[in-house]
Amino acid sequence: QVQLVESGGGLVQPGGSLRLSCAADRSIVKLYIMGWYRQAPGKQRELVATFTSDDTTNYADSVKGRFTISKDIEKSTVYLQMNSLKPEDTAVYYCSADLPIAPMRYWGQGTQVTVSS
């Protein structure tokens, strides 16, 4: 059973910053392909940032230069640092874990991020 637990969401003003965390079993963070997705009301879930199979990073064009994905295997945690937040970043953010050798993706429960003045 893969359990992913997100935290760090909240209400922030435009231009502000938040850091999301995704806690998982150490082996998951080490071996799975980890990422972040988001879903705004009335919209489909979309990729925000992920690691790739060779451990490089991939970002949606809308967040490049503002968001950074990172992981700390010793702390069993994946992070999403979000800077220069915009109202259009408002969404529920989900942590994901992809099994490297099969088309299987696991999701966390999501954390709400609201960017508003």
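Here the sum of -39500 (n - 2.57) over DSSP H runs of 4 or more residues, divided by the residues of the chain, equals -1000 deg cm²/dmol at 222 nm, to the nearest 500.
Under the simplified labelling scheme, the K64-E88 pair shows an inter-label distance of 1.5 nm, with each label point 7 Å from Cα along Cα→Cβ. Per atom type, the range 1-86 shows carbon and sulfur on 45% of its accessible surface, probed at 1.4 Å. Note that the chain presents 55 Å² accessible area per residue, ligands and nucleic acids not counted, probe 1.4 Å.
Please report the net charge: other residues with Cβ closer than 15 Å to the Cβ of K64, K and R +1, D and E -1.
-1
Given their separation in residues at 0.36 nm each and the Cα-Cα distance between them, Y106 and K75 gain 9.2 nm when the chain is fully extended.
The values are calculated or read from the model by the stated rules, or taken from the named source; none is laboratory data. A quick note: this is a predicted structure, and the numbers were derived from the prediction, not measured. Note: ideal-geometry Cβ built from the backbone for every residue, glycine included; neighbour counts use all protein chains shown. Accessible surface areas use protein heavy atoms only, side chains included; no ligands, DNA or RNA. Shrake-Rupley method; radii C 1.70, N 1.55, O 1.52, S 1.80 Å.
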